[in-house]
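These notes are about the structure you will find just below.
The values are calculated or read from the model by the stated rules, or taken from the named source; none is laboratory data. Keep in mind it's a predicted model, so treat the numbers as computed, not measured. Here the Cβ is made from the backbone with ideal geometry for all residues, glycine too, and neighbour counts use every protein chain on show.
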Amino acid sequence: MKQSQLFTKTSKTAPAEEQSTNAKLLLRGGFIHKEVAGAYAFLPLGLRVLNNIIAIIREEMNVLGAQEVLLTSLQNPELWKKTKRWDDSVIDVWFKTTLNNEAELGLANTHEEPIAALMSHHLSSWRDLPVSAYQFQTKFRNELRVRSGLLRSREFIMKDLYSFSRSQEEHEMFYELAKKAYRAIFDRIGIGEQTLLTFASGGSFSKYSHEFQTLCEAGEDTIFVCGKCRVAVNKEIIKEQPTCPQCSSKNLEEKRAIEVGNIFNLGTKFSELLGLKFVDEQGTTHAVVMGSYGIGPGRAMGTAVELFHDEKGIRWPAAIAPFSCHLLAFPGAAPETAATYEKFKDAGISVLYDDREVSPGEKMADADLLGMPWRLIQSEKTGAEKVEMKKRDEKNVETLDITDVIKRLKP
């Protein structure tokens, strides 16, 4: 893509009201636009990052055998009344609206009720199970505090996965596979090294649920990391059990973290209340055992920025960067750089080409702010067949033949 055709512009400063690093840098780089507090539009560069994250998640969900769906954001109150979760005292982040006939509707904050009711129309026999379905869907939550950019929003995209099993044993098998899928997702995004499996309360369904918490000083959550087995315990659990649930070690260190994913055992609560049942081989009717598994792609994006930045800007992990490289044309090399850009495109390399008529200093500052994994400069000094190549998070600069650069960057 030619940067001269990119309608977004970079800025040297961020809005004064923004407190989080991810919001400041993403706004300055033109990745997102703040519509209102807690609601951000994704602009071309930001959407490329978001879609890269979604693509990774989608691939791992498909490996699990889950089927993709897209449910509605408008919610039927009658379903939620059956589970006693329509009441604002139970779920205090509801956004609700009223139709012209004064009938009340909800704006989705989660989808356990709708998907359980939907599946009751399709699952009736033991032969129909197990099955799992996931979606990428806009959620709305009336959060009181939204000062953390993409880490806590009132409108956001959520990947939610739901599993449906014949027995608790069958559910637990899928639950363990989902854990591994989540680990693969965070590893591929580039935040896996800092992300820990964290024990949380299972509520009325089981002893534990699990969160995936990314160690980061900007995080709003407090977790306790086991020095022996490298899992973590959240604040709620530590009050009841000041030892590691996995190895019983008391060597727990308090840390700040960002919750980037969670998985829950739901048992049969929703299936019993919403009529999701199946008949087994002997003709006996049972409630379907459910599980719920969530990841916020936007939150993962914000987390990556919080982890990978410096005083100059963002340092995107390669797998989610908007482009693989940023090609800068310096004075005296514009025709040659245009030809290099075409060679990169022909080789299938994702490249942002800064062809703007601005100073080299402005181009380099923008390249650091936007944070592509590689910066390439072509100038009178390099000539037509070479470029200066520098990794975003390193100081070393190499001068290489274009053919060698293509070999290195070609997917």
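Computed values, structure above
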quantity	calculated
Contacts under 9 angstrom Cβ, first residue in the range 1-27 being over 19 Å from residue 305 (Cβ atoms), partner surrounded by 14 or more Cβ atoms within 10 Å (Cβ to Cβ) and among the basic types (Lys, Arg), 6 or more apart	2/356; 3/356; 3/363; 4/356
Positions within the range 21-45 being within 17 Å of the chain's Cα centre (by Cα), buried (at least 20 other Cβ atoms within 10 Å of the Cβ) and assigned to a loop (DSSP other than H, G, I, E, B), in sequence order	31, 38
Matching strands (runs of 3 or more DSSP E) fully within the range 206-267 where at least 2 residues are over 25 Å from residue 307 (Cβ atoms) and either outside the structural domain of residue 290 (by TED's automatic domain parsing) or under 24 Å from the mean Cα position of the chain (by Cα) (or both)	252-267
Residue check for residue 87: in contact with a Lys or Arg (Cβ under 9 Å, 6 or more places away or on another chain) and charged (D, E, K, R)	yes
Residue 50 vs. criteria touching a strand residue (DSSP E or B) at 6+ places or on another chain (Cβ under 7 Å), assigned by TED's automatic domain parsing to the domain that holds residue 294, in a loop (DSSP other than H, G, I, E, B) and not hydroxyl-bearing (Ser, Thr, Tyr)	no
Selection count where residues are under 12 Å from residue 263 (Cβ atoms) and surrounded by fewer than 21 Cβ atoms within 10 Å (Cβ to Cβ), scope the range 182-200	2
Close pairs from the range 92-105: first assigned by TED's automatic domain parsing to the domain that holds residue 154 and over 21 Å from residue 143 (Cβ atoms), partner aliphatic (A, V, I, L, M) and surrounded by 10 or more Cβ atoms within 10 Å (Cβ to Cβ), Cβ under 9 Å, at least 6 apart	98/105; 99/105
Those residues of the range 382-395 which are without any contact (Cβ under 8 Å) to a residue 24 or more places away in the chain, over 34 Å from the mean Cα position of the chain (by Cα) and not in a strand (DSSP E or B), in sequence order	385
Residue selected from the range 82-104 under the condition part of a loop (DSSP other than H, G, I, E, B) and of a type in the set (Ser, Thr, Tyr), by the criterion modelled with the highest pLDDT	83
Filter result for the condition that a residue is modelled with pLDDT of 95 or more and more than 26 Å from residue 11 (Cβ to Cβ), over 320, 349	349
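Here's the yes/no breakdown for (1) touching a strand residue (DSSP E or B) at 6+ places or on another chain (Cβ under 6 Å); (2) surrounded by 15 or more Cβ atoms within 10 Å (Cβ to Cβ); (3) closer than 30 Å to residue 202 by Cβ:
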{"position": "284", "(1), (2), (3)": "no, no, yes"}
{"position": "296", "(1), (2), (3)": "yes, yes, yes"}
{"position": "313", "(1), (2), (3)": "no, yes, no"}
{"position": "341", "(1), (2), (3)": "yes, yes, no"}
{"position": "357", "(1), (2), (3)": "no, no, no"}
{"position": "362", "(1), (2), (3)": "no, no, no"}
{"position": "371", "(1), (2), (3)": "yes, yes, no"}
